[in-house]
Structures are given as structure tokens and as C-alpha cells.
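Take a look at this one; I'll ask things after.
Coordinate-derived values only; no laboratory data. Remember, predicted model here, so these are calculated numbers, not experimental data. Counting neighbours? That spans all protein chains shown, and the Cβs are built from the backbone with ideal geometry, glycine included.
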């Protein structure tokens, strides 16, 4: 069994979740925790708590460390491309938290770096690892639901409590763009394109009713056209005060799924959905499942399920929504990387 030595860069909430998963895996060693000068005291605490071999505030030290096999990027989104390219060029594999980056140019830089390095990059779209979503994908790919007519997914998550604190102020950074779309909408958009297929065109509207102190809309609605001819809808609300939800529905020619409710033509003349044996999860993460999948792929030297091009296509879908928001007209979705 190959053991991989991992450096986690970023000590925010998701960084800590990945650190826990790494420490729980018999296939991984926590080599380094990287942070900023502001987090120096926290780094020392985390080193003792999780048994990291070392900590550093200098990213370049991680990149040149021959004892690091994988770099986990849990840093602000607009930093991912520069950090990933440096790690890949130094011969490291990269796990990059979603979204992969924030611009098409950076997507192409990351694709080029992966191709040139011979190393692998995985993007952390954890919703793909939820049992319910995997079951929906299997049902659709096996033809049980028929051809998709309509697909919709919502990302509803009040961000005001986070923005009122100190740990998420980078969400306001201008290079993060329309953060609600890129940082939030990437979840449902990735899920829809993974299950139903690539988008062709989007048209979006946005408004701000709650988060008036940020430079991005807190509520966005996008209508979607898939390359298959199906249509769809994506709602992102990060302002409205309500519990977290990420809903997913798929209406096919042979059946329909609404979250964990299933109806098939094959059921005959019935008036109710049947329950699928999967819970609807709240705000959960799949850090352990992502880690094990990535390590399996590295063992086999094959691209992960969410590789650099897959990550780029989800970023491109987000950016098409942003383009439509800003220009007031439909936008084409880039899919070639």
C-alpha cells in the first residue's frame, strides 16, 4: 500500500475538515500545514493537535519539499491557479478545493500545467460523492429515467453569519468576482452537468436584498439549455435567512426524481412518489471519500473523476452565468479545454 505525504494549505473551516480526513486515513501522512503570518499561532496549535510533521507560512517551502507528494489547496479561490501551477511544475499532485479557479484564463493555465507535468489534479466537488446523487446518476445513465426533459438544482445557504465574522472576509475580494455564483452556484451547476451533461447557453437575473455590503448579488436565478436539448434552472440564494438546502430534480421521459422521491412510468397508474433509501443531507462534506478516491486514482495513475478539465467546465458554466448577469443577455458556455 502506497502512503502519500500531504501538505494542506489553508487553515479555514474546509482546510481543517481535510486535515481530519487525512489524519484518519492509513494511506496518508500529514506532512505540512501551511498558512499565513496571521495564522502563525494557529499553525503551532494545529501542529500539536494533529501531529503534522511541520508548519510553514511560506508556500514556496511546500513546493520545493521533496517529502510532499500532494498539495491540498484550501485557499481563496483566486489564488488557486498560481498555487496549483507552482505545485504541478514542482512535480506535486494537487487537490484543489472548489471552485477550481475564477477565470477562464486561469482554467487554461491549470490545464496546461497538468498536461505538461504528468501529475494529477482533482477538484473538490463533494456533492458528487453523496449517495443520493450517485444513485440518481446511475439511474439516469442506465436509462431508467429516459431522456432528460428538465433538470433543476438549488443552492440556498445564508452567508450573513459567515460574513459577520472574521474568517471569511476574503469572499469580498474583487478577484473572487460574483462570489455567490462562483463560490456557491458551482455546487448545483457542477451536479447538473455531471448527471445530465454539458450546458450550451445560460440566461440569468440577479438581485440584492440582504447582503448590501458586498459587491455581488445575493440571489440569482439562471435558466439553462443543455447540449442534449434539455432545459434547466439553477437558483442561488445566499442572503435569504433560511436553513441550508441543495435540492436536485430531474424530469425524464420515463420518470422523475425530486430529491429522494422517485416516480417511474413503469409504476403504472399511481398518484404518489416512492421514497428512495437515501437521506437528504444538510451542509455536509465528503473529505474522506474525496481523499480515498484521489489516492485510488494516484495508485492507478489515472485521472480522478473531477479532473482539471472537468473542474474547468464547471468554472466556465459559472462564468457564463456571470456574463449573462452583467450583460443582460444569454451567454454561451465554454466547454473546450
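Just need the relative contact order of region 1-159 here, percent rounded to a whole number, with Cα pairs under 8 Å and 6+ apart.
For region 1-159, the relative contact order is 17 percent.
Mind checking the full-extension length gain between residue 275 and residue 50? Use 0.36 nm per residue of separation minus the Cα-Cα distance, one decimal, nm. Write down the numbers at each step before the final one.
Details: separation 225, 0.36 × 225 = 81.00 nm, distance 4.07 nm.
Extra length from residue 275 to residue 50 when fully extended: 76.9 nm.
Got the relative contact order for the chain handy, in percent, Cα pairs under 8 Å and 6 or more residues apart? Please list the in-between numbers first.
Working: 691 pairs, mean separation 63.9, N = 337.
It rounds to 19 percent for the chain.
If you don't mind, there's one more thing I want to ask. Per residue of the chain, what 222 nm ellipticity follows from adding -39500 (n - 2.57) for every DSSP H run with n ≥ 4, rounded to the nearest 500?
-10000 deg cm²/dmol
Roughly speaking, what is the centre-to-centre gap between region 29-81 and region 173-223 when only Cα atoms are used, to the nearest Å?
Taking the Cα centre of each part, region 29-81 and region 173-223 sit 30 Å apart.
While we're looking at this one, here's another question. With springs connecting C-alpha atoms under 10 Å apart, model the chain as a Gaussian network and identify which of 90, 148, 317 has the largest mean-square fluctuation.
90
Now, a different point. Against the longest alpha carbon principal axis of the chain, how many degrees, from 0 to 90 and to the nearest 10, is the axis of helix 287-300 turned?
80
Round to a whole angstrom and tell me the spacing of the C-alpha centers of region 251-287 and region 311-337.
If we compute the Cα centre of each part, the gap is 29 Å.
Continuing with the same structure: Which of (1) 8; (2) 14; (3) 5 is the computed percent of Cα pairs over 39 Å apart for the structure on display?
Among (1) 8; (2) 14; (3) 5, the one calculated here is (2).
So, one more: Run the quick spin-label model on residue 60 and residue 302: label points 7 Å from Cα toward the beta carbon, then report their separation in nm to one decimal.
3.9
Pairs of Cα atoms under 8 Å, at least six residues apart: use those to get the relative contact order of region 1-47, whole percent.
Relative contact order for region 1-47 comes out at 43 percent.
A further question follows. Just for the chain, what percent of DSSP beta bridges are antiparallel, to the closest 5?
Working: 32 of 60 bridges.
So the antiparallel bridges in the chain amount to around 55 percent.
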